[in-house]
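The block underneath contains the structure these notes are about, expressed in structure tokens.
The values are calculated or read from the model by the stated rules, or taken from the named source; none is laboratory data. Predicted model, so just to flag it, every value in this text is computed and none were measured. Positions of Cβ are backbone-derived with ideal geometry, glycine not excepted, and every protein chain shown enters the neighbour counts. Just so you know, the surface numbers come from the protein's heavy atoms only, side chains and all, with ligands and any DNA or RNA stripped out. Shrake-Rupley method; radii C 1.70, N 1.55, O 1.52, S 1.80 Å.
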Amino acid sequence: MEKKSATRLDIARRAGTSVSVVSRALNNSGYVAKEKKERILKIAEELNYAPNPVAISLQKRRTRQILFYCRNVDNAFNMQLYKGMLDAAADRGYMVLFNGKTAFEDLRNTLVDGIIMQDQGLAAYYLRNYGRNYFLPVVSAAYGEVLGEEKDSERSAESRTFSRTMPSGRHSVPIVEVDTYRVMETALDYLEHCGHKKIAFGTPYPAENGNVRTAAFLSRMHERKVKDARNYILAVSRRDSRLAADSRLLSFQEEVAENPHVVNEDFFGKGRLAARIFAERKMDATAVVGFNDEFSLGLICGFQEMGLRVPEDISVMGIDGNDARKYVSPLLTTVSLFPQEQGAMCVRVLLDLIEGKKVRYVTHTGFRLLEGESVLPCASAAGIL
């Protein structure tokens, strides 16, 4: 039979005093005579008294727990975000809970000190529909969706058309941002440096959905005066007009912005289908940039299934830098967003916010090109169709 833990009442009875005096002595709050306090602490040690963490959290208004809301649990990038959060939180004595259903109404039954959101779309949804009820500190990972005045002045009208903004004023939250607009520019710079002049972009979302990566791609195509630039976008989505009636898309779950509770989108499967659509449309691009690494790995698989060689026949490049790229051949060339570093920074900003420290509205984390084996100079790319 499990031994019952000692309580403050047990200590009070042995010490011959009240529970309130014991509480003051254990919490080091309020006056307790020195000799009495020493006796109480000695009895507590003899009884192996361990304070209830829930009771402590109620007294101190701290649970030492934070919550990560993630609506795509199958995405390796998000799991690396979470891993970075775990390490950073442990360094400061916190735990990170994980919620893959984004059921915000359950917060009323959850003891946490703050929340990290997977992205700004999810953060905006929470703030708009639930945030006023819970008054919890919130930090969001971000990927360039918010364009400040300085960024707006540097970018084309085309890119600004695709920009999103968070709710303003007191409903805004601090963000930890990787600028995926510049990430896409880095990927395109690399492919152009390798001699690729006709480049396609594969995405699981419709071209009109406002994604920053799509905006950066279109802006570069317009700068290069590419005619019919949108024809070089492989938008594998039922909401894309060119594929609305394609039965192959019926098996894919897709994000719905108005109800973002659970999205486990099959990026790999969509990338695999994108390779077939590329061939069916007889596209003349010599390289394809995938929306993320999983989509790009799907592209490689799809091309290989059709008997095409990557990179000898077609070059493929990714964006993310997640660990999955290490386990396929050829090794994927990508631009790494360093998800573990971003996740760790989300935790640091949130804990600073919880502890009342001054934080910046925008904290930037870096990115870097990681060369692999999936891109060849265009002189070696024969063109496939």
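Summary table
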| quantity | calculated |
| --- | --- |
| Scan of segment 14-54 for residues that are surrounded by 14 or more Cβ atoms within 10 Å (Cβ to Cβ), modelled with pLDDT of 85 or more and part of a loop (DSSP other than H, G, I, E, B), ordered by number | 17, 47 |
| Tally of residues being out of contact with any Ser or Thr (no Cβ under 8 Å at 6 or more places or on another chain), open to solvent by less than 20 Å² (accessible area, probe 1.4 Å) and either part of a helix (DSSP H, G or I) or over 19 Å from residue 197 (Cα atoms) (or both) across segment 280-296 | 1 |
| Qualifying positions in segment 335-353 - surrounded by fewer than 21 Cβ atoms within 10 Å (Cβ to Cβ) and in contact with a Leu (Cβ under 6 Å, 6 or more places away or on another chain) | 336 |
| Residue ID - nearest to residue 76 (Cα to Cα), chosen from residues in segment 321-337 that are among the polar types (S, T, N, Q) and in a strand (DSSP E or B) | 336 |
| Of the criteria (1) at pLDDT below 70; (2) part of a helix (DSSP H, G or I); (3) open to solvent by 40 Å² or more (accessible area, probe 1.4 Å); (4) not hydrophobic (A, V, I, L, M, F, W, C), which one residue 57 fails | (3) |
| Any hit, segment 299-315, residues being polar (S, T, N, Q), crowded, with 24+ Cβ neighbours inside 10 Å and under 23 Å from the mean Cα position of the chain (by Cα) | no |
| Single residue of segment 180-205 satisfying the filter (open to solvent by 10 Å² or more (accessible area, probe 1.4 Å) and in contact with a strand residue (DSSP E or B) (Cβ under 7 Å, 6 or more places away or on another chain)) that is farthest from residue 337 (Cα to Cα) | 205 |
| Within segment 153-177, considering residues that are in a loop (DSSP other than H, G, I, E, B), out of contact with any Leu (no Cβ under 7 Å at 6 or more places or on another chain) and hydroxyl-bearing (Ser, Thr, Tyr), the one modelled with the highest pLDDT | 172 |
| Scan of segment 116-140 for residues that are outside any loop (DSSP other than H, G, I, E, B) and in contact with a Cys (Cβ under 6 Å, 6 or more places away or on another chain), ordered by number | 116, 139 |
| Filter result for the condition that a residue is more than 28 Å from residue 174 (Cβ to Cβ), without any contact (Cβ under 8 Å) to a residue 60 or more places away in the chain, open to solvent by less than 10 Å² (accessible area, probe 1.4 Å) and hydrophobic (A, V, I, L, M, F, W, C), over 332, 273 | 332 |
| Residues (loosely packed, with under 12 Cβ neighbours inside 10 Å and in a helix (DSSP H, G or I)) located in segment 354-379 | 379 |
| Scan of segment 178-213 for residues that are among the aromatic types (Phe, Trp, Tyr) and in a helix (DSSP H, G or I), ordered by number | 181, 190 |
